[in-house]
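Shown next, in structure tokens, is the structure this report addresses.
The values are calculated or read from the model by the stated rules, or taken from the named source; none is laboratory data. All values reported here derive from a predicted model rather than from experimental measurement.
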Amino acid sequence: MSENHRILIDMELSHPRLIELCDTAVNLGAPGAKVTGGGRGGYMVALTPGKELQERVATAFEKKGISTIRGIIS
């Protein structure tokens, strides 16, 4: 995911704020994060396996005023 996001950055299909958020998620332990949607939008997704990691990333975003959606893939 993160490698794909780097490609999208090179193609100028990301945004500085989304890059910051993806980097934040990875730095907090997410194994991958990337912009999602049509590009240049305002959405990103991060893999956060386990409730503890999901809460750590979501809480960090919410403290910055970023809305989050927590999902579980089963």
Applying the selection to the stretch 6-33, what residues are among the acidic types (Asp, Glu) and modelled with pLDDT of 90 or more? ASP10, GLU20, ASP23
Considering only residues that are of a type in the set (D, E, K, R) and within 13 Å of the chain's Cα centre (by Cα), look in the stretch 6-22 and name the one that is nearest to THR48 (Cα to Cα). GLU20
Mind listing just one residue for me: the one in the stretch 34-55 that is under 8 Å from the mean Cα position of the chain (by Cα) and more than 14 Å from ILE69 (Cα to Cα) and, of those, modelled with the highest pLDDT? LYS34
